[in-house]
Structures are given as structure tokens and as C-alpha cells.
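Dropping a structure here in C-alpha cells format, bear with me for questions.
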Amino acid sequence: VQLVESGGGLVQHGGSLRVSCAASGFTFSSYYMSWFRQAPGKDREFVAGITWSGGRTYYTDSVKGRFTISRDNAKNTVYLQMNSLKPEDTAVYSCAARRPVLNGPEAEYSYTYWGQGTQVTVSS
């Protein structure tokens, strides 16, 4: 099983970036996918989640209206489009996968697979 993130980098305040997560080794289309992030010195936090079909999405309040999560089950890939980026969005962004469960999408312990992460840095 692999989750490989890409697309991170350095962007200016107000800019945009799209990160991707390519999955392999499991039935991607059956899994709920999420993005988490961890800033230096802070706990990892939930950013966005998407159901297996892509029909429902969830976001943490701080990114609503700026970030969009999507998926392409034919390509086994989940995306996070980030617009109007702020310095406080600077973090390592990781994707995670879980089978559909009753736990809320923020529950880190409910995720089975994790990627290594990609660094996103927003300059002020």
C-alpha cells in the first residue's frame, strides 16, 4: 500500500497551490480520503475529507471557501486545491485513507493508511 503526495512548494500569501495524493495497493474507490496537516510545533489537524464517491465533502472551518478536495477514482488520486493561501496554512500536508466508518472525519485513529506528506510553505 502506498499513498504518495506531490505538488507542495513555496507560494506567496494569497497564492494558490494544488497538492495530489496517488494511491496504490488497495481499492481506492472504496475508501474515504482526507487531507491532514501539521505545522511546526503543533498537533496534526484535519483539513478536508471526501466520501468514496466524491459526493460529500467536509472541511475544517479555517479552510472553508478557500480549499477544495476532489478525487478521481479512475486515477486513484485525491487532490486538494488551495486558494487564497495564508502564512498560517504553512504545514506538511498528508493524505489518509479509511474504510467508511461512523467516526467523524477528524478522527485520526480511524485512518488505516497514511502518506509521508508534502511541505507547503506560504510566505508573508
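The values are calculated or read from the model by the stated rules, or taken from the named source; none is laboratory data. Keep in mind that what you see is a predicted model, and the values were worked out from it rather than measured. Using ideal geometry, Cβ is built from the backbone for each residue, glycine included, and neighbour counts are taken over all protein chains shown. Side chains are part of the model used for accessible areas, which takes the heavy atoms of the whole protein and leaves out ligands, DNA and RNA. Shrake-Rupley method; radii C 1.70, N 1.55, O 1.52, S 1.80 Å.
Restricting segment 66-76 to residues that are touching a Ser or Thr at 6+ places or on another chain (Cβ under 8 Å) and in a loop (DSSP other than H, G, I, E, B), which is farthest from Ser20 (Cα to Cα)?
Per the criteria, the residue is Arg66.
Right, another one. Would you mind finding the one in Leu17, Leu10, Leu3 that is of a type outside the set (S, T, N, Q), touching a Gly at 6+ places or on another chain (Cβ under 8 Å) and farther than 12 Å from Cys95 by Cα?
Numbers: Leu10 fails: touching a Gly at 6+ places or on another chain (Cβ under 8 Å); Leu3 fails: farther than 12 Å from Cys95 by Cα.
Unique residue meeting the criteria: Leu17.
Considering only segment 4-45, state which residues are among the aliphatic types (A, V, I, L, M) and more than 15 Å from the chain's Cα centre (by Cα). Before the answer, list the steps.
From segment 4-45, those among the aliphatic types (A, V, I, L, M) are 4, 10-11, 17, 19, 22-23, 33, 39; that's our starting set.
Within segment 4-45, Leu10, Val11 meet the criteria.
Across segment 87-104, what is the number of residues that are within 21 Å of Asp61 (Cα to Cα) and open to solvent by 20 Å² or more (accessible area, probe 1.4 Å)?
Of the residues in that region, 7 qualify.
Could you run through segment 77-86 and say how many residues are in a strand (DSSP E or B) and open to solvent by 50 Å² or more (accessible area, probe 1.4 Å)? Give the derivation first.
Within segment 77-86, the subset in a strand (DSSP E or B) is 77-82.
Filter once more, so that each one left must be open to solvent by 50 Å² or more (accessible area, probe 1.4 Å): 81.
The qualifying residues number 1.
From the list Val11, Val63, which one is among the aliphatic types (A, V, I, L, M) and open to solvent by 10 Å² or more (accessible area, probe 1.4 Å)? Step through it out loud before you land on a result.
Details: Val63 fails: open to solvent by 10 Å² or more (accessible area, probe 1.4 Å).
Result of the check over Val11, Val63: Val11.
While we're looking at this one, here's another question. Mind listing whichever residues of segment 105-121 are of a type outside the set (S, T, N, Q) and either buried (at least 20 other Cβ atoms within 10 Å of the Cβ) or without any contact (Cβ under 8 Å) to a residue 60 or more places away in the chain (or both)? So that I can check it myself, show each step before the final result.
Step one: of segment 105-121, the residues of a type outside the set (S, T, N, Q) are 105-109, 111, 113-115, 117, 120.
Once the filter is applied, which keeps residues that are of a type outside the set (S, T, N, Q) and either buried (at least 20 other Cβ atoms within 10 Å of the Cβ) or without any contact (Cβ under 8 Å) to a residue 60 or more places away in the chain (or both), segment 105-121 yields Pro105, Ala107, Tyr109, Tyr111, Gly115, Gly117, Val120.
Being among the aliphatic types (A, V, I, L, M) and free of Cβ contacts under 8 Å to residues at least 40 places away in the same chain is true for just one of Ala97, Ala23, Ala74. Which residue is that?
On the way: Ala97 fails: free of Cβ contacts under 8 Å to residues at least 40 places away in the same chain; Ala23 fails: free of Cβ contacts under 8 Å to residues at least 40 places away in the same chain.
Going through Ala97, Ala23, Ala74 in turn, just one is among the aliphatic types (A, V, I, L, M) and free of Cβ contacts under 8 Å to residues at least 40 places away in the same chain: Ala74.
In segment 66-76, which residues are surrounded by 20 or more Cβ atoms within 10 Å (Cβ to Cβ) and more than 15 Å from Gly14 (Cβ to Cβ)?
Ile69, Arg71 - these are the residues of segment 66-76 that are surrounded by 20 or more Cβ atoms within 10 Å (Cβ to Cβ) and more than 15 Å from Gly14 (Cβ to Cβ).
Restricting to segment 18-60, give me the number of residues that are open to solvent by less than 30 Å² (accessible area, probe 1.4 Å), under 26 Å from Thr121 (Cα atoms) and assigned to a strand (DSSP E or B).
Selection size over segment 18-60: 14.
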